[in-house]
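J.: Take this structure, written in structure tokens, and hold onto it; I'll ask about it next.
The values are calculated or read from the model by the stated rules, or taken from the named source; none is laboratory data. Since the model is a prediction, treat every value here as computed from it, not as a measurement. We place every Cβ from the backbone using ideal geometry, glycine too, and count neighbours over all the protein chains shown.
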Amino acid sequence: MIQGTSSHAGKSVITAAICRILSDNGLRVAPFKAQNMSLNSFITTCGGEVGRAQAFQAEAARCELTPDMNPVLLKPTGDQRSQVIIQGKVHSNMAAREFHAFKKEAMKYVLESYNRLAEDFDVIVMEGAGSPAEINLRENDIANMGTALAVGSPVLIVGDIDRGGIFASLVGTMELLSPPERELVKGFIINRFRGDVTLLDSGLEFLQEKTGVVTLGVIPFIEGLGIHDEDGLSIEVSGSLKAKESGGDRLRIVVPRLPRISNFTDFDPLRAEPLIDFDYIDGPEGLSGADLLILPGTKNTIADFGWLRERGICDAIKVHHSRGGMIGGICGGYQMLGRTISDPEGVEGEPSTVDGLGLIDVETVLAATKTTVRAKGRAGKGLLKDTEEVSGYEIHMGVTTLGRGSAGGVTAFAGLVSDGRAHSDGAVSKDGLVWGTYLHGLFDSDSFRGGLVNLLREKRGLSIASTTDFEALKEASIVRLSTGVEEAIGSKKLMEIIGLPVEA
């Protein structure tokens with residue numbers, strides 16, 4: 001199990017790297033995170049919902065993603081409550097104290113999922129959550145040492161030296177562990193180091209003398225991986241997959257930094273394009289000079305729409321539209337573009353109905369039943385010259401329908417197939433400037449992304465541009481990451497810790 005001295009120490013990416021290293025050594029590998037808290041999620045082929053990090057780790061491991069790889073997923077809804085997803089399906093909404101009491105029951109699901117994976121894979125690479133030294137959360141722990149002890153897993157602890165205080169955080173973490181927990185710790189990993197590694201020698205010697213634990217390796221700061229953290233912090237600190245090109249032929253795409261933003265990994269392919277400046281905005285001034293504004297997904301559409309209105313961004317969006325600017329919306333952002341959003345069952349809070357932006361003639365009614373499906377088809381009708389193949393997934397609680405005055409005024413954005421059923425998705429305004437969809441992941445399609453980018457470039461009088469091969473870019477990032485980790489740690493050390501035979 002890969003644990004960390006804190007959140008954002010690098011557990012997710014190091015787990016992914018180790019998955020790839022072991023896969024390269026011919027092993028059948030699966031990622032596993034017992035408990036995850038994230039608003040970035042992904043849908044498995046069977047319709048189960050898991051954390052987005054586990055989807056990335058499964059790619060690195062070259063295995064099919066299943067709900068067992070993240071048996072407990074918490075999606076914060078606000079007011080110290082979270083939607084609890086068990087083995088891919090919605091279980092209930094719980095306050096923090098309720099979930100704390102539920103953890104003993106949750107462990108049954110964790111071990112059930114772990115045991116199923118153990119039957120099919122040679123190695124399970126587990127990722128912890130936060131820090132194992134949170135003594136207030138230790139009772140009935142399922143996120144870190146509780147699961148490691150239950151399955152007898154060796155533990156590696158990661159610390160981020162770029163944030164400072166690495167030796168204090170590693171020593172302090174060990175001091176707060178119980179003796180049985182300390183026995184599981186087989187090594188430290190120091191992450192994101194810049195400079196001459198020999199300058200760490202005295203510190204590493206002290207660390208081993210103080211804790212009795214060896215430092216397995218020092219991983220250098222790897223620039224430009226573009227791999228997101230689990231939550232909104234990565235909006236501020238994540239790197240970029242690209243090296244920006246200079247010149248005046250660049251597009252600007254902006255996304256409001258909603259308080260409850262979800263699935264912002266949708267925008268990774270746009271961030272990877274070398275001729276796009278991508279920015280998150282917090283106020284109306286951020287729209288200046290934008291070619292496209294996209295309203296993102298959110299865990300609470302009505303509350304986040306209120307945030308947009310209070311900040312004056314709604315008025316700025318309407319001005320942007322009146323000047324011929326393009327506006328898109330995904331999932332909750334699509335709902336905001338319509339005439340009304342109704343919540344008669346109180347799914348997001350008190351029952352209510354609010355007016356949306358009114359830029360597309362659609363109406364949304366929120367409902368307790370959650371849609372979680374993979375989908376594929378063709379998108380861009382009424383927007384692009386030709387529709388393009390897309391695939392992705394839907395995660396939403398609500399139904400959006402064409403409004404009463406929509407005849408001839410709005411067209412469906414996409415024709416999709418999910419669970420063997422053909423259906424229309426989304427809407428495009430008559431002027432082609434406003435579009436919305438429930439399909440997450442549509443920008444992963446190089447052809448759709450390229451069609452949209454070049455439509456915007458044509459509007460600006462710019463030349464047609466080629467599109468980045470996003471899948472190849474992701475694979476190159478995984479290779480760079482796993483190579484850097486393997487050079488620092490070595491696959492033989494990993495095999496020895498896992499208990500696998502090592503060639504002489």
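J.: Can you pull out the residues in region 113-172 that are polar (S, T, N, Q) and in a loop (DSSP other than H, G, I, E, B)?
T.: Ser131, Asn140, Asn144, Ser153
J.: His423: more than 26 Å from the chain's Cα centre (by Cα), under 27 Å from Lys75 (Cβ atoms) and either acidic (Asp, Glu) or in the same structural domain as Leu270 (by TED's automatic domain parsing) (or both), yes or no?
T.: It is true that His423 is more than 26 Å from the chain's Cα centre (by Cα), under 27 Å from Lys75 (Cβ atoms) and either acidic (Asp, Glu) or in the same structural domain as Leu270 (by TED's automatic domain parsing) (or both).
J.: Take Lys75 and tell me if it is on the phi < 0 side of the Ramachandran plot, part of a strand (DSSP E or B) and among the charged types (D, E, K, R).
T.: yes
J.: Right, another one. Just checking, does region 220-232 include any residue being loosely packed, with under 14 Cβ neighbours inside 10 Å and at pLDDT below 95?
T.: Yes, region 220-232 contains at least one residue that is loosely packed, with under 14 Cβ neighbours inside 10 Å and at pLDDT below 95.
J.: Go through region 78-89 and give me each residue that's out of contact with any Lys or Arg (no Cβ under 9 Å at 6 or more places or on another chain) and either of a type in the set (D, E, K, R) or not in a strand (DSSP E or B) (or both).
T.: Asp79, Arg81, Gln87, Gly88
J.: Would you confirm whether any residue within region 53-67 is among the β-branched types (Val, Ile, Thr) and assigned to a strand (DSSP E or B)?
T.: No, that holds for no residue.
J.: Find the strands (runs of 3 or more DSSP E) located wholly in region 350-401 whose residues include 3 or more that are crowded, with 17+ Cβ neighbours inside 10 Å and touching a helix residue (DSSP H, G or I) at 6+ places or on another chain (Cβ under 7 Å), and list them.
T.: In region 350-401, 388-396 are the strands (runs of 3 or more DSSP E) which contain 3 or more residues that are crowded, with 17+ Cβ neighbours inside 10 Å and touching a helix residue (DSSP H, G or I) at 6+ places or on another chain (Cβ under 7 Å).
J.: For region 114-137, which residues satisfy the criterion of being over 14 Å from Lys33 (Cα atoms) and aromatic (Phe, Trp, Tyr)?
T.: Phe121
Condition check ((1) within 18 Å of Gly499 (Cα to Cα); (2) of a type outside the set (S, T, N, Q); (3) at pLDDT 95 or above) across all residues:
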{"site": "Glu119", "(1), (2), (3)": "yes, yes, yes"}
{"site": "Leu149", "(1), (2), (3)": "yes, yes, yes"}
{"site": "Gly164", "(1), (2), (3)": "no, yes, no"}
{"site": "Leu177", "(1), (2), (3)": "no, yes, yes"}
{"site": "Ile190", "(1), (2), (3)": "no, yes, yes"}
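J.: Being polar (S, T, N, Q) and within 25 Å of the chain's Cα centre (by Cα) is the filter here, so list the residues in region 96-146 that pass it.
T.: Ser113, Ser131, Asn144
J.: Considering only region 257-271, state which residues are surrounded by fewer than 23 Cβ atoms within 10 Å (Cβ to Cβ) and part of a loop (DSSP other than H, G, I, E, B).
T.: Scanning region 257-271 gives Arg257, Pro259, Arg260.
J.: From Pro344, Pro296, which residue is outside the structural domain of Asp79 (by TED's automatic domain parsing), touching a Ser or Thr at 6+ places or on another chain (Cβ under 9 Å) and free of Cβ contacts under 8 Å to residues at least 24 places away in the same chain?
T.: Testing whether each residue is outside the structural domain of Asp79 (by TED's automatic domain parsing), touching a Ser or Thr at 6+ places or on another chain (Cβ under 9 Å) and free of Cβ contacts under 8 Å to residues at least 24 places away in the same chain leaves just Pro344.
J.: Same structure again: If I filter region 29-49 for residues that are in a helix (DSSP H, G or I), surrounded by fewer than 23 Cβ atoms within 10 Å (Cβ to Cβ) and either in contact with a strand residue (DSSP E or B) (Cβ under 7 Å, 6 or more places away or on another chain) or of a type in the set (Val, Ile, Thr) (or both), do I get at least one hit?
T.: So far as region 29-49 goes, no, none of its residues is in a helix (DSSP H, G or I), surrounded by fewer than 23 Cβ atoms within 10 Å (Cβ to Cβ) and either in contact with a strand residue (DSSP E or B) (Cβ under 7 Å, 6 or more places away or on another chain) or of a type in the set (Val, Ile, Thr) (or both).
J.: Shifting gears a bit: Please find, among Gly441, Gly490, the residue that is under 20 Å from Lys11 (Cα atoms), of a type outside the set (Val, Ile, Thr), touching a residue at least 40 places away in the same chain (Cβ under 8 Å) and in contact with a strand residue (DSSP E or B) (Cβ under 8 Å, 6 or more places away or on another chain).
T.: Unique residue meeting the criteria: Gly490.
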